1. Select from region 2-38 the residues that are surrounded by 18 or more Cβ atoms within 10 Å (Cβ to Cβ) and either touching a Ser or Thr at 6+ places or on another chain (Cβ under 8 Å) or modelled with pLDDT under 95 (or both) and list them in ascending order.
2. Identify the residue in region 55-74 that is touching a residue at least 12 places away in the same chain (Cβ under 8 Å) and in a loop (DSSP other than H, G, I, E, B) and, among all such residues, is nearest to the chain's Cα centre (by Cα).
3. Return the only residue of ALA207, ALA212 being assigned to a strand (DSSP E or B), modelled with pLDDT of 95 or more and either among the acidic types (Asp, Glu) or buried (at least 20 other Cβ atoms within 10 Å of the Cβ) (or both).
4. Among the numbered criteria (1) modelled with pLDDT under 95; (2) in a loop (DSSP other than H, G, I, E, B); (3) over 28 Å from ALA178 (Cα atoms); (4) of a type in the set (Gly, Ala, Ser), which one does GLY289 miss?
5. Whether any residue in region 256-263 is in the same structural domain as HIS160 (by TED's automatic domain parsing) and under 18 Å from GLY301 (Cα atoms) is what I want to check.
6. Can you tell me which residue among GLU354, GLU318 is surrounded by fewer than 18 Cβ atoms within 10 Å (Cβ to Cβ) and assigned to a strand (DSSP E or B)?
7. Check whether at least one residue in region 104-117 is of a type in the set (A, V, I, L, M, F, W, C), more than 30 Å from HIS340 (Cβ to Cβ) and touching a residue at least 12 places away in the same chain (Cβ under 8 Å), and report yes or no.
Amino acid sequence: MAASSSTPVRHPLTFGLPWPEFNDGLSYNDDVSLSDSGSTLIKFYSSKYKSSAPLQGWLQRIQNGQITVEGRVVTDPNTVLRVGTQLVYHRLPWKEPDAPHMLEVLYEDDDMIALNKPSCLQVLPGGLFQQRTVLTQLQWQASLQSTSVGHQRAHPVPVHRLGRGTSGILLCAKTQLARARLATHFADGTSGIGGKRDNNKELGKIAKIYRALVTGRIDRDKVIINQPIGTVKYPGVAKGLYVASPSGKPALSVVDVLERDIQGNSTLVQVQIQSGRPHQIRIHLSFIGHPLLGDPLYVVGGQPKFVDCKFLDESHAEDGGYQKPTQPVPGDCGYHLHAHQLVLSHPTTGEVIEIIATLPSILQTREETMEISIK
């Protein structure tokens with residue numbers, strides 16, 4: 001690992017606070033626009049946020065006193081709104097699903113920090129996970145450090161995402177400059193460090209290498225997958241589910257076979273991605289007929305296991321929102337995918353830095369397992 005402008009962390013550190021039983025709930029603010037003036041309270045919420053709750057769910061929330069108009073609780077759903085009125089929807093505290101809370105620090109300097117994210121921990125708030133996220137632990141850690149040094153410190157912010165079920169390296173920026181430059185590196189593509197591509201353009205400034213365990217035996221030693229990735233409507237996924245789609249955005253994955261397990265009917269692979277579309281590796285490997293072992297969502301062809309996604313459950317849960325989907329969703333865990341290696345150009349010094357996250361035992365080759373046992 002190359003040195004940066006400040007003294008980097010070169011040994012594993014861990015941090016993390018246990019999750020409270022219930023989160024703090026949330027508040028969502030709105031100002032009534034000119035186009036919404038004259039609407040009723042129920043029409044405003046049921047039309048503007050129909051992906052959050054069905055009509056009956058919004059009625060329940062209003063009648064529960066969870067919405068304030070100009071700071072005053074209003075329980076009449078037919079209250080007429082005027083332009084400029086301030087609305088607040090108060091989402092009640094709830095018990096989020098179980099999630100790990102400890103994070104390992106792989107690298108840290110004045111500009112950035114790289115974490116080893118465990119599987120089943122979400123990176124940013126979304127859906128049922130609003131508190132039990134990497135971002136929350138970063139905020140809590142910064143608060144503890146601020147208390148110890150006596151002044152407020154900004155918390156690091158993730159500059160990319162890993163799926164909830166994906167483990168491994170997560171890069172976070174500690175300054176606005178580092179955040180902007182690292183975001184640019186990721187936006188430019190993760191196709192390698194230095195040198196030239198075939199079209200004589202410079203390679204990207206980040207290279208990401210993953211390990212994955214897939215079903216079936218991949219016969220070729222190297223597979224290049226350039227299947228575009230787009231979205232389709234899918235219950236429980238408000239912005240649509242990412243799938244293999246001819247009309248989607250370009251995506252490139254390079255797959256190298258590391259080991260074949262004929263008896264277990266599985267293949268251990270290394271994957272380097274260029275574009276970094278959401279769920280790209282899961283989609284691409286399933287597209288070529290080898291879904292990740294244990295993947296509850298994607299099947300052969302890069303499509304969801306359940307293709308009939310027109311049905312929408314209009315019933316609502318206790319908090320008024322939609323019931324948790326019974327069919328698999330992208331955040332479900334069970335597959336084996338690990339962001340193992342990250343090589344990047346440092347956002348301020350330009351030096352090349354290599355970061356490695358220890359492999360889970362199930363993603364180690366037999367030779368690697370033997371070497372570890374000898375040590």
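1. SER4, PRO8, VAL32
2. First, pick out the residues of region 55-74 that are touching a residue at least 12 places away in the same chain (Cβ under 8 Å): 55-64, 66-71, 74.
Checking the rest, the ones that are also in a loop (DSSP other than H, G, I, E, B) come to 64, 66, 70-71, 74.
Values: ASN64: 32, GLN66: 29, GLU70: 35, GLY71: 34, VAL74: 36 Å.
This residue is GLN66.
3. The conditions single out ALA212.
4. Of everything listed in (1) modelled with pLDDT under 95; (2) in a loop (DSSP other than H, G, I, E, B); (3) over 28 Å from ALA178 (Cα atoms); (4) of a type in the set (Gly, Ala, Ser), GLY289 misses just condition (1).
5. Within region 256-263, not a single residue is in the same structural domain as HIS160 (by TED's automatic domain parsing) and under 18 Å from GLY301 (Cα atoms).
6. Values: GLU318 fails: assigned to a strand (DSSP E or B).
The match here is GLU354.
7. The answer is no; no qualifying residue exists.
So that you can scan it fast, the table gives a plain yes or no per residue for (1) at pLDDT 95 or above; (2) among the hydrophobic types (A, V, I, L, M, F, W, C); (3) crowded, with 17+ Cβ neighbours inside 10 Å; (4) over 20 Å from GLY163 (Cβ atoms):
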| residue | (1), (2), (3), (4) |
| --- | --- |
| GLY301 | yes, no, no, no |
| ASP308 | no, no, no, yes |
| HIS338 | yes, no, yes, no |
| THR358 | yes, no, no, no |
| GLN364 | yes, no, yes, yes |
| GLU371 | no, no, no, yes |
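The values are calculated or read from the model by the stated rules, or taken from the named source; none is laboratory data. As the structure is a computational prediction, the values presented were derived from the model and not from experiment. Reconstructed Cβ throughout: ideal geometry from the backbone, glycine too, with neighbour counts over all protein chains shown.
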